[in-house]
Amino acid sequence: MNPYVSLTQVLANKLSISPQSMQSIHILHLSSTELINYLQEQSVENPLLDITWHSSGFNKKIRISSQAFSKDSQYDWLNNVRCSEETLEITLLNQLELSNIPYKIRKIARYLAGNLNEHGYLMIDITDVSTLFHSGLEEVRSALHCLQSLDPPGVGARDLKECLLLQINRDRNAVLWADQIVSDFLVDLGGGKYKRIAEKLKISIEEVKNTHTYIRSLNPRPGLPYSNQTQKYIMPDAVIRKQKNSYLIIMNESGIPKLSINHYYQQLSNGNEYKEAKHYLRSHLQSAKGLIRGLEERQITLYRVIEAIIQEQVAFFEKGMPYLKPMNLKLVAEILQLHESTISRAVQNKFVQTQHGFFQLSFFFASGLSINEGMAISTESVKAKIKLLIQKEDKRNPLSDQKIMELLVEEGIQISRRTVMKYREELQYLSSRFRGG
């Protein structure tokens, strides 16, 4: 039995939503690759549904400007399809290559990345690594710290406790007592000794239980998803192009088929013959029509969301990362007069190609920090500023986190030294002590 069908029936019964509406919701949530697979499955199951594959990857009807498409504006989708068949080690090595760390530290970090088990845990003692590379323990610890700051969170840990703490320290929404309970009471927590923990920390048992729920949501085996990695393709759902004073949205229909109703079976459903098959045919006819309508609504909604993103993030599209501003789902929902959940589904697993790179739509919904005069600046913009400051610093006298904080405060950005340190580490920069020379 198709699990999607059974889920649809349950939700439809509980929420009084029609199967067609549930199908539209499901289609909106799917990535391009998932959508293609889903449509193929539906065409096999429904004889009323005809499927035709596009020869071109461009939708010339949906666009943000009235200018006609020219041959020169066509986009080479094939060269921009992202393909990955990556092990955990390859994933980490790729991230290390993009990091701004000294060669020797990177070399040690590469070695550490090759000595992880399938769960992502480090399987070699750092003292042995120190001997092997003729390095001090401090250098090996720096390399390990770099490795542990990569994705997936928790990778490079030496035991379960460290794995959980690495994830907690990177989670801005971490529960208050999580790090201390993991550090000091992990065994008690596993044994359900909530009262003992509560008494030691002078908090309520309910707080301990809530913390336990949060800790259970963490991943104790961060490397496991990579141990059986299959080949995945990521296609841009749209390309955003600058044309004079406006932006052109080119919707990618490469691989997404055109759906239509099979006229032969449609006539049978309306005729007087084959009465015993009429109910079956009419049921599938409605399903086919609902699928076609759902696919059209998906493309229109996705286009409108991208259009709203361009409208709100125009400075980013004009000038790049430092100009990305904070934006939330609620704002776009209000602009488009749609529900927040609809916007959330529309941006999940969707990608756009821009002049500044390849981005997931959810990237544009950035959190931010306060600046003077009640304004705000996105986290990514602050990171871009920190990166620029470090790139331009005097290599003989690198900027400390305190100095970077002071420079940002002078620009009106309200930020703490601890936050600067966090962002610097996420950018893969070492502390000023190790950036010298």
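The values are calculated or read from the model by the stated rules, or taken from the named source; none is laboratory data. Computed from a predicted model, the values in this text were never measured in an experiment. All Cβ positions, even for glycine, are placed from backbone atoms using ideal geometry, and neighbour counts span all protein chains on display.
Among the numbered criteria (1) at pLDDT 90 or above; (2) more than 22 Å from Leu427 (Cα to Cα), which one does Phe317 miss?
With respect to (1) at pLDDT 90 or above; (2) more than 22 Å from Leu427 (Cα to Cα), Phe317 is out only on (2).
If I ask for residues that are over 19 Å from the mean Cα position of the chain (by Cα), in a helix (DSSP H, G or I) and over 18 Å from Asn245 (Cβ atoms), which ones from the stretch 304-345 would you list?
Result: Arg304, Ala308, Pro322, Leu331, Ala333, Glu334, Ile335, Leu336.
Of the residues in the stretch 196-230, how many are of a type outside the set (Lys, Arg) and in a loop (DSSP other than H, G, I, E, B)? Spell out how you get there, then give the answer.
Residues of the stretch 196-230 that are of a type outside the set (Lys, Arg), as a first pass: 197-199, 201, 203-208, 210-215, 217-220, 222-230.
Filter once more, keeping what is in a loop (DSSP other than H, G, I, E, B): 203-204, 217-220, 222-223, 227-230.
Of the residues in that region, 12 qualify.
Does the stretch 346-360 contain at least one residue that is touching a Leu at 6+ places or on another chain (Cβ under 8 Å), at pLDDT 90 or above, closer than 16 Å to Ala308 by Cβ and assigned to a loop (DSSP other than H, G, I, E, B)?
Yes, there is a match, as at least one residue in the stretch 346-360 is touching a Leu at 6+ places or on another chain (Cβ under 8 Å), at pLDDT 90 or above, closer than 16 Å to Ala308 by Cβ and assigned to a loop (DSSP other than H, G, I, E, B).
Kindly provide the set of residues from the stretch 402-418 that are surrounded by 18 or more Cβ atoms within 10 Å (Cβ to Cβ) and under 26 Å from Tyr103 (Cα atoms), ordered by number.
First, pick out the residues of the stretch 402-418 that are surrounded by 18 or more Cβ atoms within 10 Å (Cβ to Cβ): 404-405, 408, 413, 415.
Residue satisfying the conditions is Ile404 alone.
Being assigned to a helix (DSSP H, G or I), out of contact with any Leu (no Cβ under 7 Å at 6 or more places or on another chain), in the same structural domain as Leu268 (by TED's automatic domain parsing) and modelled with pLDDT under 85: is that true of Leu28 here?
Details: assigned to a helix (DSSP H, G or I): yes; out of contact with any Leu (no Cβ under 7 Å at 6 or more places or on another chain): yes; in the same structural domain as Leu268 (by TED's automatic domain parsing): yes; modelled with pLDDT under 85: no.
No.
Please work out if Val140 is more than 26 Å from Ser217 (Cα to Cα), surrounded by 19 or more Cβ atoms within 10 Å (Cβ to Cβ) and among the β-branched types (Val, Ile, Thr). Reasoning before the result, please.
Working: more than 26 Å from Ser217 (Cα to Cα): yes; surrounded by 19 or more Cβ atoms within 10 Å (Cβ to Cβ): yes; among the β-branched types (Val, Ile, Thr): yes.
So Val140 passes the test.
Test of understanding: among Ser400, Ser381, Ser341, Ser431, which residue is closer than 26 Å to Ile27 by Cα and not assigned by TED's automatic domain parsing to the domain that holds Arg172? If you could, list the steps in order and put the result at the bottom.
Values: Ser400 fails: closer than 26 Å to Ile27 by Cα; Ser381 fails: closer than 26 Å to Ile27 by Cα; Ser431 fails: closer than 26 Å to Ile27 by Cα.
Step by step, each of Ser400, Ser381, Ser341, Ser431 is checked, and only Ser341 is closer than 26 Å to Ile27 by Cα and not assigned by TED's automatic domain parsing to the domain that holds Arg172.
Of everything in the stretch 374-401 that's more than 17 Å from Tyr323 (Cβ to Cβ) and acidic (Asp, Glu), which residue is surrounded by the most Cβ atoms within 10 Å (Cβ to Cβ)? Spell out the reasoning first.
The first filter runs over the stretch 374-401 and keeps only residues more than 17 Å from Tyr323 (Cβ to Cβ), leaving 374, 390-401.
Those left that are additionally acidic (Asp, Glu): 393-394, 401.
Working: Glu393: 15, Asp394: 8, Asp401: 20.
Looking at residues that are more than 17 Å from Tyr323 (Cβ to Cβ) and acidic (Asp, Glu), I get Asp401.
Would you please list the contacts, defined by Cβ atoms under 7 Å and residues six or more apart or on different chains, that run from a residue in the stretch 375-397 that is free of Cβ contacts under 8 Å to residues at least 24 places away in the same chain to a residue that is in a helix (DSSP H, G or I)?
Close Cβ pairs satisfying both conditions: Leu389/Ile404; Leu389/Leu407.
Any chance you could count how many residues in the stretch 181-195 are loosely packed, with under 15 Cβ neighbours inside 10 Å and part of a helix (DSSP H, G or I)?
5
If you check Arg158, Arg141, which single one turns out to be not assigned by TED's automatic domain parsing to the domain that holds Tyr423 and not in a helix (DSSP H, G or I)? Let's see the steps before the verdict.
Details: Arg141 fails: not in a helix (DSSP H, G or I).
Going through Arg158, Arg141 in turn, just one is not assigned by TED's automatic domain parsing to the domain that holds Tyr423 and not in a helix (DSSP H, G or I): Arg158.
Could you please find all residues in the stretch 389-437 being of a type in the set (D, E, K, R), assigned to a loop (DSSP other than H, G, I, E, B) and in contact with a Lys or Arg (Cβ under 9 Å, 6 or more places away or on another chain)? Quick ask: steps written out before the conclusion?
Of the stretch 389-437, the ones of a type in the set (D, E, K, R) are 392-396, 401, 403, 406, 410-411, 417-418, 422, 424-426, 433, 435.
Now narrow it down to the ones that are assigned to a loop (DSSP other than H, G, I, E, B): 393-396, 411.
Scanning the stretch 389-437 gives Glu393, Lys395, Glu411.
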